[in-house]
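K.L.:
Questions regarding the structure given below will be posed in turn.
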Amino acid sequence: MYRPVIALVGRPNVGKSTLFNRLTQSRDAIVADFSGLTRDRHYGDAVLGQRQFIVIDTGGFEPETDTGILKEMARQTRQAVAESDAIIFVVDIRTGLSGHDQDIARFLRTTQKPVFLAVNKAEGMLDSPLVGEFHELGMGELHPISSAHGQGIRSLTEAVLDALGLPEEPEPEEEFDHDPTKPIRLAVAGRPNVGKSTLINAWLGEERLIAYDMPGTTRDAIHVPFERQGRQFELIDTAGLRRKGKVFEAIEKFSVVKTLQAIADANVVVLLLDATQGVSDQDAHIAGYILESGRAVVLAINKSDAVDDYQRETLQRSIEQRLAFLKFAEQVPISALKRRGLSSVWQAVARAHASATAKLSTPKLTRLILKAVEHQAPKRVGAFRPKLRYAHQGGMNPPIIVVHGNSLDGISDSYKRFLEGRVRDEFKLVGTPLRIEMRSSS
Ligand code: GDP
Ligand code: GDP
């Protein structure tokens, strides 16, 4: 499912970050902030009803001088426009129309992308004649909003998503009964120069390519279908690949948006780390996003040909410290350049996919939960002791375990992690996150 990208632009202090927070926090407890990926842009997942999209905030710049502001604003706005499908141009009703707003408007008029003018800080004055002042910017309809108080946000967002033609009812996510003949969707993610193109070429050089799509005029990630040992795969491009003769080469720089979209779209993500470097902020942010998306993951440690034992141990420690939340993922040392370890990656991908789509039977889950409680009961919350009664599977990729019972609201995260460990052991699940949901009947 393609997630459109909406960029927030505007001069400093109009309320872009506040709007960003409001849009991304609407998503149930899942807020992705990718401030570490680029210095000056934040990326977040947002949802309105059933419709999911990505928001970019261009907020974080504070040039000292007035000319500095102009240059920086122009740069930020250009980048945001390049990466997005639509733009929300934020202005501030409290300060009124400014020359900097005019500068941004002038630039935005030259783009082909839809622009929506949000007149922010308009709490209590959504109908005020002051709003009309901004018609001067020539950006069409005005959308008075208050990011701080949450007014007008919904109708603004609906207008944007409607204009992009994003359907109200998306295709159903992964169907619960996974069809084993369907291709496994695979994304190779990692920061620039970690070896993504090299790995993809090493793979695709070995495997039979069924067909490939040339990147078209759409911004949709290209999908390269191929086959390996009788299994169908679909590689989701994160690197802006183009085929040149027999090899694929990256035509674009690292694209955060492409990476996020490919991860959201994949069944399994191969996250490449560079053995010659430690785990960077960027690695940790991509890893965090994979976890939040619920995707299965394999950690492929590339350039293993170029390190000694000391570097290997250093990297290992840095993985343990910084990627502790991916403890469930298998680690595979590889060399994309020397084509070493590639079949181990496939095996790990297959195991992760099998785990992510495993069927967990209700009687087995229920027995396991009851046994776990016998071993260690959850703590009493107030006057009630939580009572776990039975469990069933509520979804796959990631597997969701729904536990039913009474007074389950106060069950701690650490107790959920304990149950998760039990489920992992019992069903031998590797390489996939698990979700445990509590459903109380009283
Ligand atoms: P940015 O620089 O464009 O990202 O602006 P911020 O989101 O950091 O907001 C700048 C200031 O405006 C902060 O003090 C916010 O609290 C305030 N602000 C943001 N949205 C609103 C709003 O809807 N109403 C009011 N009154 N203040 C707001
Ligand atoms: P991408 O930006 O992630 O697509 O990275 P590339 O595939 O373009 O690789 C970046 C650089 O790392 C190139 O110079 C590659 O030759 C080098 N490289 C890739 N894989 C390996 C590897 O396994 N070992 C070594 N020593 N170098 C590698």
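K.L.:
Would you point out the residue of region 253-284, among those that are within 11 Å of the chain's Cα centre (by Cα) and of a type in the set (S, T, N, Q), that is farthest from Asp45 (Cα to Cα)?
P.N.:
Per the criteria, the residue is Thr259.
K.L.:
Also: Can you name the number of the only condition in (1) surrounded by 13 or more Cβ atoms within 10 Å (Cβ to Cβ); (2) among the aliphatic types (A, V, I, L, M); (3) free of Cβ contacts under 8 Å to residues at least 12 places away in the same chain that Ala82 fails?
P.N.:
(1)
K.L.:
Same structure again: Give the number of residues within region 1-20 that are basic (Lys, Arg) and either under 23 Å from Thr259 (Cα atoms) or within 16 Å of ligand 2 (Cβ to nearest atom) (or both).
P.N.:
Within region 1-20, the first condition is being basic (Lys, Arg), and the residues that meet it are 3, 11, 16.
Now narrow it down to the ones that are either under 23 Å from Thr259 (Cα atoms) or within 16 Å of ligand 2 (Cβ to nearest atom) (or both): 3.
Residues that pass the stated criteria total 1.
K.L.:
For region 320-337, enumerate the residues that are at pLDDT below 95 and over 23 Å from Asn267 (Cβ atoms).
P.N.:
Answer for region 320-337, where residues must be at pLDDT below 95 and over 23 Å from Asn267 (Cβ atoms): Glu320, Gln321, Arg322, Ala324, Leu337.
Condition check ((1) modelled with pLDDT of 90 or more; (2) among the hydroxyl-bearing types (Ser, Thr, Tyr); (3) more than 25 Å from Ser355 (Cα to Cα)) across all residues:
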residue: Arg380; (1), (2), (3): no, no, yes
residue: Leu388; (1), (2), (3): yes, no, no
residue: Ala391; (1), (2), (3): yes, no, no
residue: Gly395; (1), (2), (3): yes, no, no
residue: Phe427; (1), (2), (3): yes, no, no
residue: Thr432; (1), (2), (3): yes, yes, no
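K.L.:
Among all residue pairs at least 6 apart or on different chains, which show Cβ distances below 6 Å where the first residue, located in region 214-239, is under 18 Å from Lys182 (Cβ atoms) and of a type outside the set (Lys, Arg) and the second is at pLDDT 75 or above and in a loop (DSSP other than H, G, I, E, B)?
P.N.:
Pairs found: Gln232/Pro183; Phe233/Pro183; Glu234/Pro183; Ile236/Ala266.
K.L.:
If you don't mind, another one. Got at least one residue in region 283-301 being acidic (Asp, Glu), modelled with pLDDT under 80 and away from ligand 1 (no atom under 16 Å from the Cβ)?
P.N.:
no
K.L.:
Given the criterion outside any loop (DSSP other than H, G, I, E, B) and within 16 Å of ligand 2 (Cβ to nearest atom), identify the matching residue among Val297, Val269.
P.N.:
Val269
K.L.:
Considering only residues of region 85-118 that are within 16 Å of ligand 1 (Cβ to nearest atom) and part of a loop (DSSP other than H, G, I, E, B), which is surrounded by the most Cβ atoms within 10 Å (Cβ to Cβ)?
P.N.:
Ile93
K.L.:
Any residue that is more than 16 Å from ligand 2 (Cβ to nearest atom), within 19 Å of the chain's Cα centre (by Cα) and surrounded by fewer than 17 Cβ atoms within 10 Å (Cβ to Cβ) - is there at least one of those in region 301-324?
P.N.:
Yes, some residue in region 301-324 is more than 16 Å from ligand 2 (Cβ to nearest atom), within 19 Å of the chain's Cα centre (by Cα) and surrounded by fewer than 17 Cβ atoms within 10 Å (Cβ to Cβ).
K.L.:
Please go through region 279-317 and pick out each residue that is hydroxyl-bearing (Ser, Thr, Tyr) and out of contact with any helix residue (DSSP H, G or I) (no Cβ under 9 Å at 6 or more places or on another chain).
P.N.:
Once the filter is applied, which keeps residues that are hydroxyl-bearing (Ser, Thr, Tyr) and out of contact with any helix residue (DSSP H, G or I) (no Cβ under 9 Å at 6 or more places or on another chain), region 279-317 yields Tyr310, Thr314.
K.L.:
Now a separate question. What residue, among those in region 44-67 that are over 20 Å from Asn21 (Cβ atoms) and more than 15 Å from ligand 1 (Cβ to nearest atom), is modelled with the lowest pLDDT?
P.N.:
Glu64
K.L.:
So how many residues does region 325-343 have that are away from ligand 2 (no atom under 16 Å from the Cβ) and either in contact with a Ser or Thr (Cβ under 8 Å, 6 or more places away or on another chain) or in a helix (DSSP H, G or I) (or both)?
P.N.:
Going through region 325-343 one residue at a time, the tally reaches 3.
K.L.:
Separate question: Would you check if Phe116 is in contact (Cβ under 8 Å) with a residue 40 or more places away in the chain and over 31 Å from the mean Cα position of the chain (by Cα)?
P.N.:
no
K.L.:
Working carefully through the options Ala336, Ala296, Ala266, find the one that is closer than 16 Å to Arg191 by Cα and of a type in the set (A, V, I, L, M).
P.N.:
Ala336
K.L.:
Determine whether Ser98 is at pLDDT 90 or above and away from ligand 2 (no atom under 16 Å from the Cβ).
P.N.:
So Ser98 passes the test.
The values are calculated or read from the model by the stated rules, or taken from the named source; none is laboratory data. Because the structure is predicted, anything quoted here is derived from the model rather than measured. Please note: Cβ atoms are built from the backbone with ideal geometry, for glycine as well, and neighbour counts cover all protein chains shown.
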